[in-house]
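The values are calculated or read from the model by the stated rules, or taken from the named source; none is laboratory data. All values derive from a computational prediction rather than experimental measurement. Every residue, glycine among them, receives a Cβ derived from its backbone with ideal geometry; neighbour counts consider all protein chains shown.
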Amino acid sequence: MIKLTRGLDFTLNSATRRLTLGCPTAADLTQIPLRLWLTLTGPLNPQTGMLINVTDINAAFRQALTEFPFHPQTPTDILNWSRKITNTHLPNLDFLTARLELHPHLSISINLEDQNMIELTTQYELAASHRLCNPNWDPQQNLDAFGKCSNPQGHGHNYTLQITLRGIPNPRTGQLAEPQQIDQTVQEFILDRFDHKNLNEDTPEFAELIPTVENMVKVFWELLDGRFPNTHLARVALWETPKTYAEYLGPSAGPLRYSNSV
């Protein structure tokens, strides 16, 4: 299962209750900034290695607001509306969760996933460069699909990698796994291979596979799966920008009901 999460900025006019896409454009106390985190799943496009270009998510919500102005009365109205827009304007993807940030310490969400497991998540930093390009396409096709990310000279990211393990804590230690062992495994199989590398040129895993964030989480999963004794890998998440990340929950999860741009 691969999930893609996109952060969408909205402005709510407190006087008219009208919701618009984008951040407030003026220092106006009637303009309330909101951020909606939308998580989707679905099949990868085999030609692009993406679930969807994140700019298409923005376009779907912009189109919806243009066609039918929205005047929510409660945060829940926005969450339910986001699910409706996903189902009607992004029919090839499935809605999983929506979380509305009202401010950094308060959010409200709706979630279709079952989270009845104990999990441990560790986080790492990873810097790498890449180019998004399908070698079977001409430059214009790549530009149309990947935008400026198809630049022949490539571009870089400071990624945030999150590794989540799931299992039953050791009754003697209360831990799912020894943190130092987790760090050593991630260092050996991920950071030593990919940190400060040109993914297209320096890594055999992406010599032919397009290094999208979706493909990266799947490759990282395959390198880490089965390497954590007495527990198992539950999730690999990779933040490409502060507003876009992808997750992979492994093949056993089966098909689901599924930036700023790169």
Subset of the range 78-97 [in contact with a helix residue (DSSP H, G or I) (Cβ under 6 Å, 6 or more places away or on another chain) and farther than 23 Å from residue 32 by Cα]: 89, 90, 95
Candidates 5, 74 - the one that is under 30 Å from residue 206 (Cβ atoms) and of a type in the set (Ser, Thr, Tyr): 5
Residue check for residue 177: over 23 Å from residue 56 (Cα atoms), touching a strand residue (DSSP E or B) at 6+ places or on another chain (Cβ under 6 Å) and part of a loop (DSSP other than H, G, I, E, B): yes
Residue in the range 184-193 that is assigned to a helix (DSSP H, G or I), under 19 Å from the mean Cα position of the chain (by Cα), at pLDDT 95 or above and aliphatic (A, V, I, L, M) present: yes
Counted residues, the range 230-246 - those being outside any loop (DSSP other than H, G, I, E, B) and under 16 Å from residue 52 (Cβ atoms): 5
Residue, farthest from the chain's Cα centre (by Cα), within the range 200-229, restricted to residues that are of a type in the set (A, V, I, L, M) and not in a helix (DSSP H, G or I): 207
